[in-house]
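The values are calculated or read from the model by the stated rules, or taken from the named source; none is laboratory data. From a predicted model like this one, the values you see are computed outputs, not experimental measurements. Note: ideal-geometry Cβ built from the backbone for every residue, glycine included; neighbour counts use all protein chains shown. Accessible surface areas use protein heavy atoms only, side chains included; no ligands, DNA or RNA. Shrake-Rupley method; radii C 1.70, N 1.55, O 1.52, S 1.80 Å.
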Amino acid sequence: MQLYNSLSHKKEEFIPRFEGKVSMYTCGPTVYHYAHIGNLRSYIMEDILEKYLRFTGLDVKRVMNITDVGHLTSDGDTGDDKMLKGAKREKKTVMEIAKFYTDAFFADCAKLNIKTPDVVAPATGCIDDFISVISSLIEKGYAYEAGGNIYFDTSKLDKYYVFSDFKEEDLAVGVREGVEEDGNKRNKADFVLWFTKSKFDDQELKWESPWGIGYPGWHIECSCISMKNLGEYLDLHCGGIDNAFPHHTNEIAQSEAYLGHEWCNYWFHVHHLNTNSGKMSKSSGEFLTVSLLEEKGYNPLVYRFFCLNSHYRKSLVFSWENLDNAVISYNKLIDKIAPLTADKSGEVDTSEYRRFIDEFDDALGNDLNTSLAITAVHDVLKSKTNAATKLALIAEFDKVLGLDLIAAAEKTLAEAEASKPEIPAEVLDLVEQRKAARKEKNFALADEIRDKIAALGYEVKETRQGTEINKL
Ligand code: AMP
Ligand code: ZN
C-alpha cells in the first residue's frame, strides 16, 4: 500500500517491520465528555485503514489508550485538567466520568461500525509503567526535576520538531494559550512527564512515585502503552492532525530517548472535520454527537458514508445540507443493491470478481482513497456481471467500508415487499396463466390475459428482476 507518512511528508510503500504483521497504535479519546463527530471522523478513517490492511492479508494488532488522567486543555502543560473539568461539570468523581464516557465512546463506535481495537488500555491502569519509563529517562539524562515536577529536556535531542511542517515560534505552548509559561522549564518546548506540583489542588487521582505524590503528564501514556503492548518497534501510529504537535512530537521524543533507537516508521494523521465557524471541538463552536444525529433521524452509518466520500488528508466541512446529500446518495446506493438480494442463487464469475477486487484494492492502496473505493461499488452495480458476483463483491468491500450495504439493501427490499398491497388470488392466478402463455410464445393470449388483469385494476410488467404486479 502507498501511504502518506507525516514524518517524510510523502507517500511511501507501507512495509511492516515483521513480514505479514502490523503493530498499530491509535491515540484514544479523553473521556471527559462525549466524542464529537469530528473526533469520530478520525476513528472512522483509522478503522478503514486497519480493515484495509487486514483485507490485504496482514495480521494487524491494534492498541488504543483511554486518556483518563493528565490531559490539559492546551494539549501542553497549561490550561485546565480535562477530566477534573468534566467531573466538576457533572458533580461526579473522575473515575465515574471516565467509565461513563468510555462506555459512551464505544457505544458510538459500535453505531458507526468502528471495530474495537485488540487492546484498549486506560492510562490510570498503567501508572507503574509510566514511573518506570520516567525513571529511566532521568537516569539517561533526558529528564530533570524542577520545582517538584519531572520534565523532558528537549535540548538533549538532535531534532525535536520531527513533523517539520510546524514552526517553533507558532507552537510555543503557553504563548498560544495566553497562559503564563512554566518557569521551571529549561527550554520552552520541554514538557511535563510527572506532576507533583500543579495548580490543581483538588486533583483527585494521585499516585506515589519516587518524586512524590502526583500524576503523569498526558504524553507519556501513549509511549508506554504502545511499548508495553506492541514492543519496542511500532509500524503505524494514528491520530487526528492536531495530535501531531505537541502530543506525537513528545511521544517520539520520549520513546526514542528511552529506547535508544527509532521507534515508529509511519505516522497517519486525519485532517479535521470543520464547521462553517472552524474546527469542531468540545471547547468551542458546535459540538455534534452521534446521539444528536440519531435524534434528528439520521442513520449513523450515513455519517460514516459522508466521511468516506472525502479524503482523510483534506479537511471536511460538516453541514446539515452536506449530510442530507449523503443520505440521498446512500439511499440511492442501497436501492440499487436491494433487487440483487432477492435471488442469491447463481455462481460467482471469478474473473469479474478478481477484476473488481483489484479496482477496490487499487483505490484504497493509493493512500486510502475511500471515495474511489465507493466508486468501485458503483462500478460493480453498473457492470453486466451477474447478481451473485455483484453481491459477493459488495459483501467483500463492505468488510472494509463498514456501511452495512447488504443488510440495509435486504431491509429496503423487505420493506418494499411489505408495503405492497395484497394482490387478489384471481389476479395472481391470471398472472400465472399469462406467464404460461408467454412461455409458449402465445402472445395474443398473453395480451388478452393482461387486459383481464387490467380490468381487475392491476398492471403486470416483466422486468429484469421478474414479474411485477402493481395496482393501477
Ligand atoms: P481527544 O478526545 O480530544 O483526545 O481527541 C480524540 C481524537 O480526535 C484525536 O485523535 C484528535 O486528534 C481527534 N480530533 C479532535 N478534533 C477533531 C476534528 N475536529 N476532526 C477530526 N479529528 C479530531
Ligand atoms: Zn496519544
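Quick one: pull the percent of accessible area on the chain belonging to carbon and sulfur, 1.4 Å probe, ligands and nucleic acids left out. Please list the in-between numbers first.
Numbers: 10490 of 21420 Å².
Carbon-and-sulfur percentage of accessible area, whole number: 49.
Please work out the C-alpha center-to-center distance from the range 286-320 to the range 379-447 and express it in whole Å.
Value for the Cα centre distance between the two parts: 32 Å.
What's the percent breakdown of Cα-Cα distances in the chain across 10 Å bins, shortest bin first?
The distribution over the chain is 4, 18, 25, 21, 13, 8, 6, 3, 2, 1, given as percents.
Using θ = phi - 60° and the Karplus relation 6.51 cos²θ - 1.76 cosθ + 1.60, list the HN-Hα couplings for the range 31-45 in order, rounded to whole Hz, with x at every Gly or Pro.
With the stated coefficients, the range 31-45 comes to 8, 10, 6, 5, 6, 8, 5, x, 3, 6, 4, 4, 5, 5, 5 Hz.
Check ASN65: other-chain or 5+ apart residues with amide H under 5 Å from its amide H, H built from backbone geometry?
Close amide H contacts, sequence-distant or interchain: THR26, GLY28, ALA121.
With everything on Cα atoms, drop me the angle between helix 425-439 and the longest principal axis of the chain, reported from 0 to 90° to the nearest 10.
Taking the Cα atoms of the chain, the angle to 425-439 is about 80 degrees.
Measure nothing but the geometry: give the 0 to 90° angle between the long axis through the Cα atoms of 405-418 and the longest principal axis through the Cα atoms of the chain, rounded to 10°.
Around 40 degrees separate the two axes.
Taking the solvent-accessible surface of protein heavy atoms with a 1.4 Å probe, what is the per residue accessible area of the chain in Å²?
Values: 21420 Å² over 472 residues.
Here the residues of the chain average 45 Å² of exposed surface.
Enumerate the amide H contacts of TRP194 below 5 Å, restricted to partners 5 or more residues apart or on another chain; note that Pro and chain-start residues carry no placed amide H.
ILE150, GLY217
Pull up all non-local amide H partners of LEU316: gap of 5 or more, or a different chain, and H-to-H distance under 5 Å with H placed in the peptide plane.
The list, which skips near neighbours in sequence, is HIS272, LEU273, ASN274.
Take SER198, SER6 and sort them by solvent-accessible surface of the protein heavy atoms, 1.4 Å probe, largest at the top.
Numbers: SER198 35, SER6 15 Å².
Result of the area sort, largest leading: SER198, SER6.
Output wanted: per-residue J couplings in Hz (rounded whole) for the range 101-115, from phi through Karplus 6.51 cos²θ - 1.76 cosθ + 1.60, θ = phi - 60°, x for Gly and Pro.
Listing the rounded values in order: 7, 5, 4, 5, 4, 6, 5, 5, 4, 4, 5, 9, 6, 8, 5 Hz.
Helix 370-382 versus the longest principal axis of the chain: what angle, 0 to 90°, nearest 10, using Cα atoms?
The angle comes out at about 10 degrees.
Rg/Rh for the range 356-472 to two decimals, with Rh computed the Kirkwood way over all alpha-carbon pairs. Walk me through the numbers on the way to the answer.
Values: Rg = 20.3 Å, Rh = 17.3 Å.
Rounded to two decimals, Rg/Rh equals 1.18.
Please work out the C-alpha center-to-center distance from the range 1-74 to the range 77-129 and express it in whole Å.
18
Compute the longest continuous run of the chain that contains no exposed GluC sites (Glu not before Pro); treat a site as exposed when its DSSP state is not H, G, I, E or B and it has at most 10 other Cβ atoms within 10 Å. Mind dumping the intermediate values first?
Working: sites that count: GLU19, GLU180, GLU208, GLU347, GLU422, GLU440.
Segment 20-179 is the longest.
Cross-link list LYS10/LYS411; LYS21/LYS92; LYS420/LYS441; LYS61/LYS382; LYS111/LYS382; LYS156/LYS206: which exceed 32 angstrom alpha carbon to alpha carbon?
Values: LYS10/LYS411 43 Å; LYS21/LYS92 42 Å; LYS420/LYS441 29 Å; LYS61/LYS382 36 Å; LYS111/LYS382 29 Å; LYS156/LYS206 29 Å.
The answer is LYS10/LYS411; LYS21/LYS92; LYS61/LYS382.
Want the number for GLU286 to THR116: 0.36 nm per residue separation, take away the alpha-carbon distance, what's left? Write out the running numbers ahead of the final one.
Numbers: separation 170, 0.36 × 170 = 61.20 nm, distance 2.68 nm.
Stretched fully, the GLU286-THR116 segment lengthens by 58.5 nm.
At a probe radius of 1.4 Å, what is the per-residue accessible area of MET280, in Å² to the nearest 10?
0
Percent of Cα-Cα pairs per 10 Å bin, from 0 to the last occupied bin, for the range 61-146, please list those.
Pairs per bin, as whole percents: 15, 34, 36, 13, 2.
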